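**Student:** I have a structure I would like to understand better, so I am pasting it below and will then ask my questions one at a time.
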Amino acid sequence: MQEQEKFFNRLVEQYGKALYWHVRTIVGSHEDADDLMQEIFIKVWKALPAFRGDSDPFTWLWRIATNEAISHLRKARVRAVLSFSRLDAEAERVSDPDPYFDGDEAMRRLRKAIAALPDKQRLVFSMRYWQDLSYEQISEITGTSVGALKASYHHAYEKIKNLLSE
């Protein structure tokens, strides 16, 4: 048990900050990302005994975090539909400045354009553009082929370019 605890603490120390920003780029808001980080690390702790080290800890963590973030977005979308609120309002909310983000207007417009993308395109764009992950790493994390990821990134890039030129 002590080895498991040491390994867990090392994971949190080594990847915690980068993992937070990965989740934050997917869900958009600090509050949601902060809540999800707690849930993610609980899942990681529970799954740790089954982790055999066959995959890179980075890839394993990112897959858990990505799945949790996407699940969160799906639940939020269902809640939005049930409460008849518009998804545009959600995109506006997550892209507006908050105390943890002090970017300028251009960055706010970029974040708003990214938030308006479909989930899969937003995920691929964020992982490739912001985190500079290779298509191969993203493929391992998402279980999607490299070709499909390249197509998703291209479509996301074109949509963002069009939104920013409006």
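Read-outs throughout are calculated quantities, based only on the coordinates presented, and are distinct from any laboratory measurement. Quick caveat, the model's predicted, so the values are computed rather than measured. Cβ coordinates were reconstructed from backbone atoms using ideal geometry, including for glycine residues, and neighbour counts include every protein chain displayed.
**Student:** Given R₀ = 30 Å, FRET efficiency for R109-K75 by Cβ-Cβ distance, to 0.05?
**Tutor:** Working from the Cβ atoms, E equals 0.65.
**Student:** Another question, then. By how many nm would the segment from H154 to E39 lengthen if fully extended, with 0.36 nm per residue of separation less the alpha-carbon distance?
**Tutor:** That works out to 38.2 nm of additional length.
**Student:** Also: If you stretched the chain out fully between S165 and K17, how much longer would it get, using 0.36 nm times the residue separation minus the C-alpha to C-alpha distance?
**Tutor:** The S165-K17 span can extend by a further 50.0 nm.
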